[in-house]
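Any read-out appearing in this document is the output of simple, stated calculations on the displayed coordinates, not a laboratory observation. Because the structure is predicted, anything quoted here is derived from the model rather than measured.
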Amino acid sequence: MMLVPLLTIFVLAIFVGFEIITKVPPTLHTPLMSGSNAISGITVIGAILATGASHGTAATVLGFIALVFAVINVVGGFVVTNRMLEMFRKKD
């Protein structure tokens, strides 16, 4: 069964992510978010590959749905990062 190893990796990723986020100083949150948004672009590439592979209609539909959600995640992340950077700019 592949479920137990995958579930173990998922739970460990949750703990590692929580520990990393809680240890980062607040001034580094914006660059960290920007970097993680760029890494999320890998998800877009995977979704494009899943959509383009000819493994049936269901796989194509699921790949397209994954592509839409991945693009929303990347664009939304950069919009939030831009809003956070606006807070640090000096006002005239």
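Three principal axis extents of the chain based on alpha-carbon atoms, in descending order, are 57, 32, 13 Å.
Taking each residue as 0.36 nm, the span from residue 73 to residue 22 lengthens on full extension beyond its C-alpha to C-alpha distance by 16.2 nm. With θ taken as phi - 60° and the Karplus curve 6.51 cos²θ - 1.76 cosθ + 1.60 applied, the whole-hertz 3J(HN,Hα) list for segment 2-18 is 8, 5, 5, x, 5, 5, 5, 5, 5, 5, 5, 5, 5, 5, 5, x, 5 Hz, x standing for glycine and proline.
For segment 29-68, the fraction of alpha-carbon pairs lying more than 15 Å apart is 46 percent, rounded to a whole number.
Taking only DSSP H segments of four or more residues, each worth -39500 (n - 2.57), what value at 222 nm results for the chain once the sum is divided by all its residues, to the nearest 500 deg cm²/dmol?
The helix-only estimate for the chain comes to -29500 deg cm²/dmol at 222 nm.
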